[in-house]
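To start, the structure itself, in structure tokens.
The values are calculated or read from the model by the stated rules, or taken from the named source; none is laboratory data. Keep in mind it's a predicted model, so treat the numbers as computed, not measured. For neighbour counting, all protein chains shown are included, and Cβ atoms are generated from backbone atoms with ideal geometry for every residue, glycine included.
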Amino acid sequence: MAVEKTERLAVLIDADNTQATIIEGLLAEVAKYGTASVKRIYGDWTSTALRSWKEVLLEHSIQPIQQFGYTKGKNATDSAMIIDAMDLLYTGKFHGFCIVSSDSDFTKLASRIRESGLIVYGFGEKKTPLAFVSACDKFIFIEVLRAKINENEPIAKKTMAELKQDTRLVRLLRNAVEASSDESGWAHLATTGSNIAKQSSEFDPRNYGYIRLGELLTATKLFDFEERLIGEGESKAIYVRDKRKKS
């Protein structure tokens with residue numbers, strides 16, 4: 001879901017559930033959606049477990065919020081993060097939130113923020129419970145960010161056969177093209193992308209090893225493409241059609 005980069009975002013990070021190695025990729029990704037007006041990270045900073053985070057906080061101007069683990073087995077960090085998020089929400093100064101965690105405890109928070117008309121971007125590992133993933137407008141898997149940082153170990157591109165075997169992916173792509181198409185079956189690629197985002201918050205071409213949606217659609221060999229001039233012919237637009245619609 002594309003937004004203007006002037007959008008004010010609150011970035012809240014669960015240090016207990018996130019590794020410091022992804023910070024550069026994370027902030028670069030956040031910048032695609034808006035400006036990180038607030039950057040806070042929550043955890044028990046007296047613990048040696050968060051030592052790696054301490055080394056990057058100052059460099060990236062992230063405010064650490066101290067939360068002692070008063071009770072063993074209870075995640076006090078989550079509670080502090082949720083309370084802060086609601087306080088920020090009530091200020092009315094933000095257009096959206098970035099919640100960085102793989103913890104399902106933030107599912108209700110994401111839903112509540114969206115109920116107020118704000119956008120929620122989630123960031124977490126692929127092990128993140130589906131409930132939290134679905135509660136966000138868009139969910140980006142941290143594995144994608146790690147691959148971006150370590151270019152020597154990118155996510156391997158799925159082959160045509162592998163993509164076609166993923167029935168859920170094929171159904172999602174075909175449904176999005178059909179929902180965005182005109183009577184002849186052609187759909188604007190950008191509109192198709194927006195439709196996919198509405199159906200699946202976790203969809204990202206990078207999860208399959210492709211940078212852009214068009215590259216992924218091309219790799220499946222299931223769609224035809226057409227380039228059209230728009231307006232005064234100064235710019236071009238890409239249209240896509242399910243090959244099954246071909247006359």
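Brief remarks follow.
- Within the stretch 102-126, the set of residues being of a type in the set (Ser, Thr, Tyr) and outside any helix (DSSP H, G or I) comprises 102, 116, 121.
- Counting the residues of the stretch 190-238 that are small (Gly, Ala, Ser) and part of a loop (DSSP other than H, G, I, E, B) gives 5.
- Meets criteria (without any contact (Cβ under 8 Å) to a residue 60 or more places away in the chain, closer than 22 Å to residue 131 by Cα and more than 21 Å from the chain's Cα centre (by Cα)) for residue 218: no
- For residue 73: the one exception among (1) modelled with pLDDT of 90 or more; (2) over 23 Å from residue 200 (Cα atoms); (3) outside any helix (DSSP H, G or I): (1)
- Annotation: of all residues in the stretch 174-197 being under 24 Å from residue 131 (Cβ atoms) and either of a type in the set (A, V, I, L, M, F, W, C) or in contact (Cβ under 8 Å) with a residue 24 or more places away in the chain (or both), the one that is surrounded by the fewest Cβ atoms within 10 Å (Cβ to Cβ) is 194.
- Residues that are out of contact with any helix residue (DSSP H, G or I) (no Cβ under 6 Å at 6 or more places or on another chain) and in a loop (DSSP other than H, G, I, E, B), drawn from the stretch 158-189: 159, 166, 182, 183, 184, 186
- Some residue of the stretch 187-196 being in contact with a Pro (Cβ under 9 Å, 6 or more places away or on another chain) and of a type in the set (A, V, I, L, M, F, W, C): no
- Options 18, 48; residue that is polar (S, T, N, Q), touching a residue at least 60 places away in the same chain (Cβ under 8 Å) and not assigned by TED's automatic domain parsing to the domain that holds residue 212: 18
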